[in-house]
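Every number in this text was worked out from the coordinates using simple rules, so none of it is lab data. Every value quoted in this text rests on a predicted model; they were computed, and no experiment measured them. Here the Cβ is made from the backbone with ideal geometry for all residues, glycine too, and neighbour counts use every protein chain on show.
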């Protein structure tokens, strides 16, 4: 265990990180996350018309990342850390699966969840992701594999088998694939204008640098 990496699911928010966490845990990996945080978030959305993650968020609490036991105490374990947190993780040995998604689908999902304009970074998603992945790989302690959201939904066995070949200790790719629920693929690019119109006073103008 002492030489094992910390396994991480990461990506931009609303990119399928919770779906991947659930799949890898069901496939036999040792997932670590905060049940307390799930309860808090479930209470926040239980009376809403849209629950962003009805099957769980699979997140650690902020204090978990600040604990003296982190990251050494998480070697051999699977955790979730969104893209911005990866840049500040202490040196260790990490193996990361980084989720990618059509930025228009991310926007639809974000709008449904937060009911406000998503960060303008989505307008330059491709270059932002390229810069992020380049930085992570330059750290020297992160082995990063990328997975597209639509590939995970369409052919999870293929995706999970590939991750297993890249060193993720998945015991059963078929069982892991059964955790993917296609009914939760609810945010599609073609829905973006309808969702935008459903939010009162939503600003869709761009700053001059992006227009």
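If the viscosity is 1.306 mPa s and the temperature 10 °C, what Stokes-Einstein diffusion coefficient in µm²/s follows for the range 63-137 when Rh is the Kirkwood radius over Cα pairs?
Diffusion coefficient, whole number: 110 µm²/s.
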Checklist outcome for this item: Largest fluctuation, 83, 51, 149 only, Gaussian network model of the chain with Cα springs under 10 angstrom, belongs to 51
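Quick one: Cα convex hull volume of the range 1-128, Å³ per residue?
Once divided by residue count, the hull of the range 1-128 is 117 Å³.
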Checklist outcome for this item: Projected area averaged over all directions for the convex hull of the alpha carbon atoms of the range 112-170, nm², comes out at 6.0
Checklist entry - Could you give the angle, 0 to 90 degrees to the nearest 10, between helix 156-165's Cα long axis and the longest principal axis of the Cα atoms of the chain? => result 40
Item to check | Percent antiparallel among DSSP beta bridges (both partners in the chain, rounded to 5) | outcome: 0
Next on the checklist: Could you work out [θ]222 nm for the chain from helices alone, using -39500 (n - 2.57) per DSSP H run of at least four and dividing by all its residues? Round to the nearest 500 deg cm²/dmol.
Outcome noted: -10500 deg cm²/dmol
Next on the checklist: Using a Förster radius of 35 Å, what is the FRET efficiency between residue 120 and residue 43 based on their Cβ-Cβ separation? Nearest 0.05, please.
Outcome noted: 0.70
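Assuming a ≥ b ≥ c are the square roots of the Cα gyration tensor eigenvalues, decide whether the range 143-187 counts as rounded (a/c under 1.5), prolate (otherwise, with a/b larger than b/c) or oblate.
Because a/c hits 1.5 or more and a/b fails to exceed b/c, the range 143-187 counts as oblate.
If each residue's Cβ is checked for other Cβ atoms within 10 Å, how do 84, 148 rank with the fewest at the top?
So the residues, fewest neighbours to most, are 84, 148.
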Checklist entry - Roughly speaking, what is the centre-to-centre gap between the range 80-123 and the range 16-58 when only Cα atoms are used, to the nearest Å? => result 15
Checklist entry - Quick one: which of 113-123, 71-81, 15-25 comes out on top by average Cβ neighbours within 10 Å, and what's the full order, highest first? => result 15-25, 71-81, 113-123
Checklist outcome for this item: Classified through the alpha carbon gyration tensor (a ≥ b ≥ c as square roots of its eigenvalues; rounded if a/c is under 1.5, else prolate when a/b is larger than b/c, else oblate), the range 71-211 comes out oblate
Item to check | Sorted largest first, extent of the range 22-76 alpha carbons per principal axis (Å) | outcome: 40, 27, 12
Checklist outcome for this item: Proxy exposure order for 134, 10 (fewest C-beta within 10 Å first) is 134, 10
